[in-house]
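Novice: Below you will find the structure I want to go over with you.
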Amino acid sequence: MSVEAETGRKVKAEPRAAAARAPGRLGAIMNALASHFSSSLTRRIVVLNLGGLVALLVGFLYLNQFRAGLIDARVQSLQTQGEIIAAAIAASATVETDALTLDPERLLQLAPGQSYGYREENESALEFSINPERIGPVLRRLVTPTRTRARIYDREGYLLIDSRSLTARSNILRFDLPAIGQDDGAPTVIQRWWDNLKHRLGSTELPLYEDIGVANGKAYPEVERALNGAPLSVVRINAKGETIVSVAVPIQRFRAVRGALLMSTQGGDIDKIIASERWAIIRIFLVSAGVMFLLSLFLAGTIAEPMRRLAEAADRVRRGIKSRQEIPDFTDRSDEIGHLSGALRDMTKALYNRIEAIESFAADVAHELKNPLTSLRSAVETLPRARTEESKGRLLEVIQHDVRRLDRLISDISDASRLDAELARADYEPVDMVRLLRAIRDLANQVKRADGVTVSLDIAPSEDARYGAEYFVVGNDSRLGQVVNNLVDNARSFSPPGGSVRLALRRARAIGRNGQMQDGLEIVVDDDGPGIPDHAVERIFERFYTDRPEQGFGQNSGLGLSISRQIVEAHGGWIKTQNRLAPDGSVLGARFLVWLPAPR
């Protein structure tokens, strides 16, 4: 096979491949448009944007002031032309000598050499007639450039000349011509539809124009008015809905009306101008509609598509039980879609964290309940085999200890499980922390303890004139009191006999949970205990964690500090602990710090 043949085949194959790819591209475009329009929001955006444009177009077409202005200008133009042509026709009129009348008595009274003097005295009695053969060339030269129809009627209203019946040599044709607007054949469906549309867009209050042909011109009101010496214009529409303007002016010679000139526009002349203007408006509308359509699709793509993806991701989160489902990240956008994406991501993260916390809490609860139940079952199973009263007494003490431990665990677990829901439903109000801390201090000192540990309170004076001596936070007073009570009880349990627990309240600026520096209140709880081991500084806030080797196993549930941190974080604050150190580095005791944001 030659190279030329192979090349020819490739050249022929390329158009076929391009033709085969064209339907594929068109199908891809149609599929893309179909996917866009499958969204209800996209359809609404496109319809609303184009609806306003369509309403504007209809308003332009229906309430077009150009039509009224054009008709007025055409009336003025026809009236001016008619007056000029009527004056020219009047000047070309001839005198009817047969109509001259002489008074015999006046002739007998004339002196020798004196004339009758009809020019001075009897000029008004002269009769001027309109000669069609003489007026025809004048009418043709004046009317042809104006593209209008001119008809001349005599004093009795009979048609003398019709410009449509004049030949190139100004000869008058005597056969009847079709009336204006008369169709050679029946209109088609499209023509009828278009005529109906023009009729609706035009003025429906105009009278219908009928061509009377060679009938008496007084059937036209404007002709009858002109024969009485006054011009008149009338606007009509023909059977096809085309506008026709007619102006009749009198033909006068020496203030005597000799006839009437009827000037009328050709059917469709004005409508063609109006149609061209409307078509220009429609072209602008089509371009604007195309641009609006593309902009609407772009707008819908920036709104509907992200919202669709967010909705699908939210649905996957609802159905995704085994794995975490990610919400699309649109937080780089500074609009409502970005805010919605960020809110959904935060909500989903909080939801998964809550689920994990519930799972972890359930596992911890099961583990903590399993230990006393196992001990209790062993003691109960061993009790029947005990042979001495001493053994039975020790087993009963174990059973009572485990029962108390279970009761304490169940109470603390119930409190912890209700805490989130209670904090979510609680109404936060301003809480006077000075009054709250004083009440906790007084109540703790009133309860006598064998170890003799006392509680003191120190309120630092405010250095900020904006707040004065007031220490208020917005929150739930009972839960905040529970936090301070837990910290005071924890500090008293680690304090040596005769020691003291010191409460302090002061103002402090700190970085809040939102990551910004804020004004707030700081509550300090100090004790003189052994301090906190380095490995337990963060773990002491975990659920069920306890490190009290000197108090024995099972004396505490390990939920008090965990509940305290949960309450403080729900109020927008934080809680942490540290050891108080002496100058030589020795531990003087533990210190708990609670920071709560001040009201704004």
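The values are calculated or read from the model by the stated rules, or taken from the named source; none is laboratory data. Everything numeric in this text was worked out from a predicted model, so none of it was measured. Methodologically, a virtual Cβ is constructed for each residue, glycine included, from the backbone with ideal geometry; neighbour enumeration extends over all protein chains shown.
Novice: Give me a count of the residues in segment 334-352 that are under 14 Å from residue 304 (Cβ atoms) and at pLDDT below 85.
Specialist: The total comes to 3.
Novice: Tell me which of these residue 307 doesn't satisfy, since it passes every other one: (1) aliphatic (A, V, I, L, M); (2) touching a strand residue (DSSP E or B) at 6+ places or on another chain (Cβ under 8 Å); (3) under 30 Å from residue 349 (Cβ atoms).
Specialist: (2)
Novice: Just for strands (runs of 3 or more DSSP E) wholly inside segment 426-535: which have at least 2 residues that are among the acidic types (Asp, Glu) and surrounded by fewer than 20 Cβ atoms within 10 Å (Cβ to Cβ)?
Specialist: 429-432, 517-526
Novice: Another question, then. Among the residues of segment 314-342, what is the count of those that are surrounded by 13 or more Cβ atoms within 10 Å (Cβ to Cβ) and assigned to a helix (DSSP H, G or I)?
Specialist: 9
Novice: Suppose the filter is surrounded by 15 or more Cβ atoms within 10 Å (Cβ to Cβ) and either closer than 30 Å to residue 409 by Cα or at pLDDT below 80 (or both); does residue 366 pass it?
Specialist: Against the criterion (surrounded by 15 or more Cβ atoms within 10 Å (Cβ to Cβ) and either closer than 30 Å to residue 409 by Cα or at pLDDT below 80 (or both)), residue 366 does not qualify.
Novice: Tell me, which residue of segment 247-284 that is more than 16 Å from residue 236 (Cα to Cα), hydrophobic (A, V, I, L, M, F, W, C) and part of a strand (DSSP E or B) is farthest from the chain's Cα centre (by Cα)?
Specialist: 256
Novice: OK, next. Of the conditions (1) assigned to a helix (DSSP H, G or I); (2) touching a residue at least 40 places away in the same chain (Cβ under 8 Å), residue 244 fails just one. Which one is it?
Specialist: Of the numbered conditions (1) assigned to a helix (DSSP H, G or I); (2) touching a residue at least 40 places away in the same chain (Cβ under 8 Å), the odd one out for residue 244 is (1).
Novice: Take residue 407 and tell me if it is assigned to a helix (DSSP H, G or I) and surrounded by 14 or more Cβ atoms within 10 Å (Cβ to Cβ).
Specialist: no
Novice: Which one is nearest to residue 90 (Cα to Cα) among residues in segment 206-230 that are surrounded by fewer than 18 Cβ atoms within 10 Å (Cβ to Cβ) and either in contact with a Pro (Cβ under 9 Å, 6 or more places away or on another chain) or β-branched (Val, Ile, Thr) (or both)?
Specialist: 229
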